[in-house]
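See structure below.
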Amino acid sequence: MKHLHGSCHCGAVEFEFDSSAPVPFMRCYCSICRKTSGGGGYTINIMGMSDTLQVTKGKDTVRSYRAVKNKSVPKSEQVLCQNRYFCPTCASYLWAHSEEWPEWIYPYASAIDTELPVPKQMTSIMLENAVEWADPRNIPGRDTGNEMFDEYPSYSLEQWHKDHSDI
């Protein structure tokens, strides 16, 4: 178990939590992550325990956004995805939380101030949604040892960390 600290860019929000899955190894290329999380064409989340999350600064300022999973279906059939929490001052995304998995939070690795372990390999998911310029399959000289999935892999973030316990 690792105790981690995070914050937004402007310093208005600070938070901490415990994680048994702190290795930032999985890049998500879904359109929601690509559009809400920055300019790299993907986002990287780690996993933390919800009951350990403490917002130590700026708790009342934190805002959330819930994206629609598939905007091409009629409004009556649209499903919302997880809440994505962010600082309204600097727009830094901080963590995500899903009602499907209430015991977990999914902090954005870019918001973590504590030194994180370096992954021995990367996993790219939701590549069916990747834009051509960001798709790692199109990058010359990319590391072919990395795992790549059109959707989700068969394992969870937690299972990956159990399988790679030597990290």
Which of rounded, prolate or oblate describes region 1-54 when judged by the alpha-carbon gyration tensor and an a/c cut-off of 1.5? oblate
Pick from CYS90, CYS33, CYS81: which is most flexible by mean-square fluctuation in a GNM of the chain where alpha carbon atoms under 10 Å apart are linked? CYS90
For mean projected area of the Cα convex hull in nm² the list reads (1) 10.5; (2) 11.7; (3) 8.9; the calculated value is entry (1)
Please work out the C-alpha center-to-center distance from region 17-76 to region 104-155 and express it in whole Å. 14
By how many nm would the segment from THR114 to ASP18 grow when fully extended, if each residue of separation counts as 0.36 nm and the alpha-carbon distance is taken off? 33.4 nm
Give me the percent relative contact order of the chain, please, defined on Cα pairs under 8 angstrom at least 6 residues apart. 26
If amide hydrogens are placed 1.01 Å from N in the peptide plane, which non-local residues have theirs closer than 5 Å to the one on PHE25? none
Determine the calculated [θ] at 222 nm for the chain from helices alone, applying -39500 (n - 2.57) to every DSSP H run no shorter than 4 residues and normalising by the residue count; nearest 500 deg cm²/dmol. -2000 deg cm²/dmol
If the elastic network links every pair of Cα atoms under 10 Å, which of PRO24, PRO136, PRO74 fluctuates the most in the Gaussian network model of the chain? PRO74
Cα gyration tensor, region 76-167 - rounded (a/c under 1.5), prolate or oblate: rounded
Ratio of Rg to Rh over region 1-93 (Cα coordinates, Kirkwood Rh, two decimals): 0.99
Over the chain, give the accessible area per residue in Å² for a 1.4 Å probe, as an integer. 56
Express the carbon and sulfur contribution to the solvent-accessible surface of the chain as a percent, rounded to the nearest whole number, probe 1.4 angstrom. 48
Accessible area of ARG34 in the full protein assembly, 1.4 Å probe (Å², nearest 10): 50
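The values are calculated or read from the model by the stated rules, or taken from the named source; none is laboratory data. These figures come from a predicted structure and were not determined experimentally. Side chains included, ligands, DNA and RNA excluded: accessible areas come from the protein's heavy atoms. Shrake-Rupley method; radii C 1.70, N 1.55, O 1.52, S 1.80 Å.
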